[in-house]
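The values are calculated or read from the model by the stated rules, or taken from the named source; none is laboratory data. Remember, it's a predicted structure, so these values are computed and weren't measured experimentally. Heads up, the Cβs are rebuilt from the backbone with ideal geometry, glycines too, and the neighbour counts pull from every protein chain shown.
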C-alpha cells in the first residue's frame, strides 16, 4: 500500500491529516484507491488525478467544455479542464435573465460581458491552476475551475473510494487536489505495467 499525505500546514508535521491509499492495480490498468480524512473532516470536491512523470511526453488536444446558466446557477459549478481548452458559458435561463461572467483568479482573469438569454460566451484556459468565476449580476452565482495537465482524473464529492480507468502504460504521478487552504498535497510516483 502507498499513501499521499496532505498536511494541514506548510510546516512538515509527522501526523497525516489526509491521505490516499492505493489499493490495487487491475490488468486493464485501472487505478483504485480510497481517500480518507483523519478526524472525519468532510472535505468536498476532492480531485484525484494522474500526470505523466515525464511532462515532455504530454500531448493533450484542446477540448470544448460547456457550463449552463440556469436558475441563477452554474451547471456544473466545478469544471476540470486542461491548458488550451475552451469553456463556453451558455445562458439557458427560462426567463429573460442576463449574466455577466468574470474571474479575477490567477488561473484566468476575464470578464465576458453581459450575456442575455440564449447567448454563448467563451474563454480559453491558458495555463494550470485553479480559480473561481462569478456572475456580477447575481451575487450568489459562483463556480470553480481547475486546469490540470491530464485527462485522467476523478472528482469525489466527499472522501471515499475512487477508480481511474483506462490508464496507459508508463510512469505516472498520482496527485490529489483539494479546495481547502489548510491542506497541501504530496504526490507519489506510480508505474503502470507495460
*Filter the range 137-155 for residues that are more than 16 Å from the chain's Cα centre (by Cα) and surrounded by 15 or more Cβ atoms within 10 Å (Cβ to Cβ); which is nearest to residue 178 (Cα to Cα)?*
141
*Can you find a residue in the range 157-175 that is surrounded by fewer than 19 Cβ atoms within 10 Å (Cβ to Cβ) and free of Cβ contacts under 8 Å to residues at least 40 places away in the same chain?*
no
*Here are some residues: 48, 81. Which one is outside the structural domain of residue 131 (by TED's automatic domain parsing), touching a residue at least 24 places away in the same chain (Cβ under 8 Å), out of contact with any helix residue (DSSP H, G or I) (no Cβ under 6 Å at 6 or more places or on another chain) and surrounded by 17 or more Cβ atoms within 10 Å (Cβ to Cβ)?*
48
_the range 94-117, subset outside any strand (DSSP E or B) and touching a strand residue (DSSP E or B) at 6+ places or on another chain (Cβ under 6 Å), residue surrounded by the most Cβ atoms within 10 Å (Cβ to Cβ)_ = 107
*asked:* Given the criteria surrounded by 12 or more Cβ atoms within 10 Å (Cβ to Cβ), part of a strand (DSSP E or B) and at pLDDT 85 or above, does residue 60 qualify?
replied: no
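Quick grid of which residues meet (1) modelled with pLDDT under 95; (2) not in a loop (DSSP other than H, G, I, E, B):
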position	(1), (2)
65	no, yes
84	no, no
89	no, yes
140	yes, no
149	yes, no
